[in-house]
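Report on the structure given below.
The values are calculated or read from the model by the stated rules, or taken from the named source; none is laboratory data. Note that the structure is a prediction, hence the values are computed from the model and not measured. In this analysis, Cβ positions are derived from the backbone assuming ideal geometry, glycine residues included, and neighbour counts consider all displayed protein chains. Note: areas computed on protein heavy atoms with side chains; ligands, DNA, RNA excluded. Shrake-Rupley method; radii C 1.70, N 1.55, O 1.52, S 1.80 Å.
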Amino acid sequence: MGMTMSQKILAAHANLKEVKAGQLISAELDLVLANDITGPVAIKEFKKAGVERVAQKDKIALVMDHFAPNKDIKSAQQCKTCRTFAIEQGIENFFDVGKMGIEHALLPEQGLVGAGDLVIGADSHTCTYGALGAFSTGVGSTDMAAGMIEQKCWFKVPSAIKFNLLGKLKPNVCGKDLILHIIGKIGVDGALYKSMEFVGEGVKSLTIDDRFTICNMAIEAGAKNGIFPVDEITLEYLNGRFKREIKAYYPDDDAEYDEVYDINLSAIVPTVSFPHLPENAKTPDEWGDIKIDQVVIGSCTNGHISDMRQAAEILKGRKVAKQVRAIIIPATNEIYLQCLKEGLLEIFINAGAIVSTPTCGPCLGGHMGILAENERCVSTTNRNFVGRMGHITSEIYLASPFVAAASAVLGRLASPEEL
């Protein structure tokens with residue numbers, strides 16, 4: 001029996017000719033990642049093990065992004081712990097204020113992850129890098145510590161679901177709408193510990209940012225990872241960024257899949273996940289009149305330059321509704337600067353929005369946009385669980401930048417076609 005893309009990457013890093021779903025393997029890692037929340041826990045476990053030095057200091061990344069710039073004393077201590085450890089260990093890829101960005105946008109941008117890589121991160125959205133043809137997945141802080149010690153990790157080889165993409169997305173529809181549609185179709189446990197593999201002619205119509213968004217939210221369907229095949233779009237993104245050898249893996253013709261879904265991209269419409277699960281996906285005919293208090297455009301899911309351009313396209317020459325707070329967060333400094341060069345920041349500010357330094361901020365209820373009692377937010381983030389952004393009675397509606405920007409203007413959940 002043949003192998004899927006994910007299985008081939010795992011086999012190569014385990015130095016095996018083949019692997020099968022359910023098999024336990026030990027595999028070499030190309031990168032181990034943590035942030036200012038998970039890093040201190042991993043560092044504590046590292047020290048508890050009595051190990052003096054990390055295995056490979058150039059294959060570890062620590063990114064201060066969740067509560068940075070620090071919002072209080074505790075978050076400052078978290079970052080200090082990571083900063084001190086990075087200095088002690090000589091970790092090259094340490095990203096702090098002024099150099100940092102939201103980790104899952106920053107690491108691809110910096111060329112630290114690429115095609116054929118095997119990456120673990122002490123953050124569930126590490127699955128983002130599958131957009132580049134990598135196997136990347138989230139782990140606990142203890143596994144992160146073990147990865148720093150040995151540069152290896154144990155894996156149970158996942159089975160897979162194939163998503164055969166056909167056609168092309170319509171205007172004002174993007175990768176966020178597609179992944180919300182898929183999660184609405186299969187549920188938040190529909191791909192539990194499986195690889196979501198996206199193939200088909202429709203792949204070539206998706207931008208690299210679309211692919212980042214789709215793989216980022218694979219975990220919201222319970223998946224172990226999401227992955228796209230390497231193509232010209234992937235190679236164009238990696239060119240000049242990724243310094244190591246590009247290794248492209250493609251599924252065998254006889255690869256085994258638990259399920260196969262054919263998805264016509266041209267049939268996808270603006271899609272929003274209602275509270276309090278990403279699987280509560282609804283299309284405009286089901287939305288009704290939902291008045292809102294806040295809009296957030298950013299995060300590791302939708303803080304890319306294309307997301308900023310989409311938001312600016314809607315907000316240009318328009319004003320944010322009086323009762324709405326619009327918060328826009330470019331995912332990295334490079335993206336922030338590109339927004340500046342293109343005049344997007346001026347569009348946002350003239351519309352009545354604010355623009356933040358790169359940070360996870362409000363996505364996890366950290367800072368820069370906490371919700372009060374009974375407030376509603378349309379957000380381009382990835383989770384809308386109870387209390388995720390603040391008060392337990394607040395509500396989060398997950399949406400694309402197009403929908404979020406249109407909602408900011410109209411003061412209610414709205415499709416861009418309404419403007």
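One line per residue, one yes/no per condition, for (1) in a helix (DSSP H, G or I); (2) touching an Asp or Glu at 6+ places or on another chain (Cβ under 6 Å); (3) open to solvent by 10 Å² or more (accessible area, probe 1.4 Å):
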| residue | (1), (2), (3) |
| --- | --- |
| TYR261 | no, no, yes |
| PRO275 | no, yes, yes |
| PRO278 | no, yes, no |
| ASP307 | yes, no, no |
In the list ILE354, ILE327, which residue meets the criterion of being under 19 Å from LEU413 (Cα atoms) and either within 23 Å of the chain's Cα centre (by Cα) or aromatic (Phe, Trp, Tyr) (or both)? ILE327
Candidate set: segment 313-330, residues that are more than 23 Å from ILE370 (Cα to Cα) and assigned to a loop (DSSP other than H, G, I, E, B); chosen: the one most open to solvent (accessible area, probe 1.4 Å): LYS316
Filtered residues of segment 373-382 (kept if assigned to a loop (DSSP other than H, G, I, E, B), surrounded by fewer than 23 Cβ atoms within 10 Å (Cβ to Cβ) and touching a residue at least 60 places away in the same chain (Cβ under 8 Å)): GLU375
Which residues, taken from segment 263-273, are farther than 21 Å from ASN382 by Cα and either assigned to a strand (DSSP E or B) or without any contact (Cβ under 8 Å) to a residue 40 or more places away in the chain (or both)? ILE263, ASN264
Residues of segment 109-145 satisfying the condition of being open to solvent by less than 10 Å² (accessible area, probe 1.4 Å) and among the hydroxyl-bearing types (Ser, Thr, Tyr): THR126, THR128, TYR129, SER136, THR137
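Every residue, every condition in (1) open to solvent by 50 Å² or more (accessible area, probe 1.4 Å); (2) under 20 Å from the mean Cα position of the chain (by Cα), yes or no:
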| residue | (1), (2) |
| --- | --- |
| GLY2 | no, no |
| ASN15 | yes, no |
| ASN35 | no, yes |
| GLY50 | yes, no |
| ARG53 | yes, no |
| ASP65 | no, yes |
| ASP72 | yes, no |
| CYS79 | no, no |
| LEU107 | no, yes |
If you take the residues of segment 285-305 that are touching a helix residue (DSSP H, G or I) at 6+ places or on another chain (Cβ under 7 Å) and in a helix (DSSP H, G or I), which of them is surrounded by the most Cβ atoms within 10 Å (Cβ to Cβ)? ASN302
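Restricting attention to segment 340-357, does a residue exist that is touching a Cys at 6+ places or on another chain (Cβ under 7 Å), assigned to a loop (DSSP other than H, G, I, E, B), farther than 24 Å from ASP285 by Cβ and without any contact (Cβ under 8 Å) to a residue 60 or more places away in the chain?
Looking for residues that are touching a Cys at 6+ places or on another chain (Cβ under 7 Å), assigned to a loop (DSSP other than H, G, I, E, B), farther than 24 Å from ASP285 by Cβ and without any contact (Cβ under 8 Å) to a residue 60 or more places away in the chain, one finds none in segment 340-357, hence no.
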Flagged in segment 55-87 as in a loop (DSSP other than H, G, I, E, B), out of contact with any Phe, Trp or Tyr (no Cβ under 8 Å at 6 or more places or on another chain) and in contact (Cβ under 8 Å) with a residue 24 or more places away in the chain, in numbering order, are ALA55, GLN56, HIS66, PHE67, ALA68, PRO69, LYS71
The one condition in (1) part of a helix (DSSP H, G or I); (2) touching a Phe, Trp or Tyr at 6+ places or on another chain (Cβ under 8 Å) that GLY366 fails to fulfil: (1)
Is one or more of the residues making up segment 149-170 open to solvent by 30 Å² or more (accessible area, probe 1.4 Å), part of a helix (DSSP H, G or I), closer than 27 Å to PRO284 by Cβ and not aliphatic (A, V, I, L, M)? no
Across segment 220-232, the tally of residues that are within 18 Å of HIS304 (Cβ to Cβ) and either among the polar types (S, T, N, Q) or in contact with a His (Cβ under 8 Å, 6 or more places away or on another chain) (or both) stands at 0
Exactly one of these conditions fails for ASN333: (1) under 21 Å from ALA408 (Cβ atoms); (2) open to solvent by 50 Å² or more (accessible area, probe 1.4 Å); (3) out of contact with any helix residue (DSSP H, G or I) (no Cβ under 8 Å at 6 or more places or on another chain). Give me its number. (1)
Test: VAL230 is in a helix (DSSP H, G or I), touching a residue at least 24 places away in the same chain (Cβ under 8 Å) and β-branched (Val, Ile, Thr): no
